[in-house]
Amino acid sequence: MSLIKSISGIRGTIGGVSGDNLTPIDVVNFTSSYGNWILSFQTENPKVVIGRDARISGEIVQSLVVNTLISMGIDVIDVGLSTTPTVEMMVPKFNANGGIIVTASHNPSQWNALKFLNDKGEFISDEVGKGILTTDPNEINFVTVDKLGKISYYQDAIQDHIDAILKLDYLVDLQKIKDRNFKVVIDVINSTGAISMVPLLKQLNCEVLVINGDMNGNFAHNPEPLPEHLNEIKKAVTTSKSDLGIVVDPDVDRIAFVCEDGEFFGEEYSLVAISDFVLNHKKGATVSNLSSTKALKDVTEKHGCQYFAAAVGEVNVVEKMKAVNAVIGGEGNGGIIFPELHYGRDALLGAALFLSSLAQFGKTTSFYRSKFPNYNMVKSKITLPDDVNLDQVLIGLKSKYQMQPINTIDGLKIEFDNDWIHLRKSNTEPIIRVYAESYSETTANNLIQKIISDINLIIKELN
């Protein structure tokens, strides 16, 4: 497995050879490159916030990160076991110059990563990311012993985060939620959802049943919150006669819901439902990425507001949200971004807003789901031969479907009336992601098969 480098950081599997996997050498090199960027604009008392999820390798990687920064004369505020959105919020709280989150998000336990933040607690820009990735670590100077940075510890970051959410009282209807006394099953996938989501739910007067609550990093199932990985919580919701189930990923920036009947609410529909709720209270634009469901556009236009699409990736969605002054946005993978709190995907916020909406709705979770358009999305992957140029393949597809509406800001998206298909290189895995959506799952599957057939034909023609 190659070490994957993207504008927001690096990720890879632990162990192996430097440059091919995430080794201690790679961690030190990329941390020092990030530290060098911090020092390029902040030479007096530079400060960085650090936090991590509960991965097996997390403590080792975080130690390497912390000691590298200290060795460069940068002070570190260590919030310890935390969540990605919590670390993001702590950066501006402490007037820090940046932040690093040690997490590989939805990837399995053998993976880890460094996510780099700017002084606003947001993912670094494309330009900054490229600069960090191309910095030669051998040219970086480390400080003498009398100039070493200092480390301080802050243990209230998660509660600060929860308090900030609960203060959104025109949206987070505390009394309604508490009166409903929701019975909730939550799968925290052996990570920091156990010390963030569970306390939040209890403060909302929910009866909480926790599964996979040991924070040992040995994920009980594939940690990406997709239906095929969630049989345990589906069964737990129905057998316990709970009102709903909640699923988060290891760093708690993505959220998905399970209805009281054990049916999946739909990963894509976390953002749709929450956006509909927000737009009831606050009109404005919405944003999601090109691979997200069309249902958000439908819901947004129902409120008389405008929807915008962004390239895939949180930093791209945030950039578009700022450009159009969006009131809510995110990604169809269960990432909810509410600028009034902060510009980052936030599962804790998502849970509070969803429960507020469900409490005000006053009926079951499955009935609530029936409010929204019922598109079917099929997500697939294609591994092309090493000698195939993806860009040439996409040019061929663009030519073939030139009479259809096409978007090329991120790979290639082709629209067909109520159907669409999107092809793009993955930012986190060495594959091509192919997403298709239609009212009919069969139609979406057929659309993917048709595109794969077209790709094979184009490859033959190129050869």
**Asked** On full extension of the chain, what length is gained from residue 231 through residue 361, given 0.36 nm per residue of separation minus the C-alpha to C-alpha distance?
**Response** 44.1 nm
**Asked** Using a simple spin-label model with points 7 Å from Cα along the Cα→Cβ vector, what separation in nm is obtained for residue 151 and residue 453?
**Response** 5.9 nm
**Asked** Given the pairs 120/297; 120/147; 302/363; 400/450; 322/398, which are separated by over 20 angstrom at their Cα positions?
**Response** 120/297; 120/147; 302/363; 322/398
**Asked** Using +1 on the beta carbon of Lys and Arg, -1 on that of Asp and Glu, and nothing else charged, what's the dipole of the range 410-463 about the Cα centre, debye to 20?
**Response** 260 debye
**Message:** Using 0.36 nm times the number of residues separating residue 301 and residue 415, minus their current alpha carbon distance, what extension gain do you get?
**Reply:** 39.2 nm
**Message:** Tell me which trypsin sites (Lys or Arg not before Pro) from the range 291-379 have a DSSP coil assignment and no more than 15 other beta carbons within 10 Å of their own.
**Reply:** 363, 371
**Request:** Quickly estimate the mean residue ellipticity at 222 nm for the chain, helices only: each DSSP H run with n ≥ 4 gives -39500 (n - 2.57), and the total goes over all residues, rounded to 500.
**Result:** -11500 deg cm²/dmol
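Lys and Arg at +1, Asp and Glu at -1: add these up for the other residues within a Cβ distance under 14 Å of residue 169 and post the number. Write down the numbers at each step before the final one.
On the way: positive: 167, 176, 178, 282; negative: 163, 173, 340.
With Lys, Arg at +1 and Asp, Glu at -1, the neighbours total +1.
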**Item:** Additional length obtainable on full extension of the chain from residue 439 to residue 143, 0.36 nm per residue less Cα span
**Value:** 100.5 nm
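Considering only DSSP states other than H, G, I, E and B, which trypsin sites (Lys or Arg not before Pro) in the range 215-277 qualify as loop sites with at most 10 other Cβ atoms within 10 Å? Walk me through the numbers on the way to the answer.
Values: sites: 234, 235, 241, 254; in loops: 241, 254.
When the trypsin sites (Lys or Arg not before Pro) of the range 215-277 are filtered for loop state and at most 10 Cβ neighbours within 10 Å, 241 remain.
Counting only complete DSSP H runs, which helices of the chain cover 30 Å or more along their long axis at the Cα atoms and score a mean Kyte-Doolittle of -0.5 or above?
Values: long enough: 441-462 (31 Å, 0.26).
Counting only whole DSSP H runs, the qualifying helices are 441-462.
FYI, it's all coordinate maths here, none of it is from the lab. Nothing here was measured: the structure is a model prediction, and the numbers come from that model. Positions of Cβ are generated from backbone atoms using ideal geometry, with glycine treated the same way; all protein chains shown enter the neighbour counts.
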